[in-house]
1. Among Glu350, Glu177, Glu198, which one shows the biggest mean-square fluctuation in a GNM of the chain, springs joining Cα atoms closer than 10 Å?
2. Just need the Rg to Rh number for region 113-179, please, alpha carbons only, Kirkwood Rh.
3. Cα axis of helix 193-212 to longest principal axis of the chain: angle in degrees, 0 to 90, nearest 10?
4. Please give the contour-minus-distance gain from Ala260 to Ala211: 0.36 nm per residue of separation, less the Cα-Cα distance, rounded to one decimal in nm.
5. List the relative contact order of region 292-339 as a percent without decimals, with contacts defined as Cα pairs under 8 Å and 6+ residues apart.
6. Taking the Cα centroid of region 102-137 and of region 2-77, what is the distance between the two, rounded to the nearest whole Å?
7. What ³J(HN,Hα) values, in whole Hz, does the Karplus curve 6.51 cos²θ - 1.76 cosθ + 1.60 give for region 409-425 when θ = phi - 60°, with x put for Gly and Pro?
8. Using amide H atoms built 1.01 Å from N in the peptide plane, name the residues 5+ places from Ala379, or on other chains, whose amide H lies under 5 Å from its own.
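Values quoted throughout were computed directly from the atomic coordinates according to the rules given, and no laboratory measurement underlies them. These numbers come from a predicted model, not from an experiment. As a convention, Cβ positions derive from the backbone with ideal geometry for all residues, glycine included, and neighbour counts pool all protein chains shown.
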Amino acid sequence: LRVEAGRFVAVEAYETSPPRGTEVVEAGDAVVLPGLVDPHVHMNDPGRADWEGFETATRAAASGGVTTLVDMPLNSLPPTTTVEALDAKREATRGRLWCDVAFWGGAVPGAEGELAALAAAGACGAKAFLADSGVPEFPRLEAPDLGTALEACGRLGVPLLVHAESQSLLDRARPPEGADARSYATWLAARPAAAEVEAVRLLGRLLAELAARGVRARAHVVHLSAAQALSEVAAARRAGLPLSAETCPHYLCLEAEQVADGATLFKCAPPIREAANRDALWEALAKGVISLVASDHSPSPPALKLLERGDFLGAWGGIASLGLGLSLVWTEASRRGHTLADLARWMSREPARLAGLEDQKGALEVGRDADFVLFDPGATWTVTPERLWTRHHVTPYGGRAVRGQVRACYLRGRRVYQDGRFDGAPAGACLSRREGGA
Ligand SMILES: [Zn+2]
């Protein structure tokens, strides 16, 4: 891999005598992977930087071989629903990025008019909720508004990312008065698979209606958890509709049977479901019905997880895993017969494509940024607080033995991380989706 001015300029047979003045990086026994692209991260900055923040998020990312993060529009204050808010985000990143960062805008009721300005300002697309988002400043869309947002994004040529759980089904599943809030079964019952199925079906129907009117809108289901919803995704794709889906390390590596009552570190929405559900998600990845793996890193201050009370209904719903994704997913993937090439597709190429960054990121190819990772696929290690670079060390993966370790991480040809140390100063950049991107 020959690098010049931060980009790959050749992929060729190794020369024993490279041109004079060339710096040579010997990978040794490590595998060279493209820098990962994580398209679903809540950095919560500005406004709730005490929950995470750009510096700690990008530092944790680089330690785990992630060279591009795409920031979610909510949990920061203000949420990224206007160009002013996007500008405030970019301002807050100054001098604090250990990897590159791009941004999703937010689609909230009555603000469809902002989507064009956000896209023109470089947002990669927009995110919307069909269920309550967990924060009051980011309201959910009802079906008609979702159609409007899909059409707006479709006309702009950017994807709409959707938190796909039907609020009306969640309302019906609300735990009864006096339900045992410490019981994981209570939380599972409160977020039934049917809510995901219903919401994905609605998305497919709206995409079909728009297609019939000549609007090619693209929708992406974030953090798909319920295997029952996969047939809805597959049906839409068979009909030629541009519907894609992601799942997350916690749905692929954890299962409901292992979650102890009161263990609110495992709370997220939609929830971590049973072992059989997990197997079905892996099959869907293998078949391409799920196209990518994203962290949905959604940390909070430890107090909000209500760890002492173990209250699944009151605790913040979100799982922190930034920096661990590659090892977590590889541990499980290698056991199931998948390859590092599969991981590179799920965690680099496809997420770069979703965010419209595929001419810059996502592969070890000539012309793309020289973002790469030296990865030792056979090394085993245990997740402990001192190995975490996120602001808080509250994660369900503490104490877990994993396989595969990032030795070094390079951003645009420059080493930013090696064996537990960071190099130089933060030199990450804010990225914009290119006009006319996929
Ligand atoms: Zn999220």
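1. Evaluated over the chain, the most mobile residue of the options is Glu177.
2. Using only Cα positions, Rg/Rh for region 113-179 is 1.10.
3. That works out to roughly 80 degrees.
4. 13.1 nm
5. About 38 percent, as a whole number.
6. Region 102-137 and region 2-77 have Cα centres separated by 26 Å.
7. Residue by residue, region 409-425 yields 9, 10, 10, 6, x, 10, 6, 10, 8, 8, 6, x, 10, 9, 9, x, 10 Hz.
8. When sequence neighbours closer than 5 places are left aside, the close amide H contacts are Gly404, Gln405.
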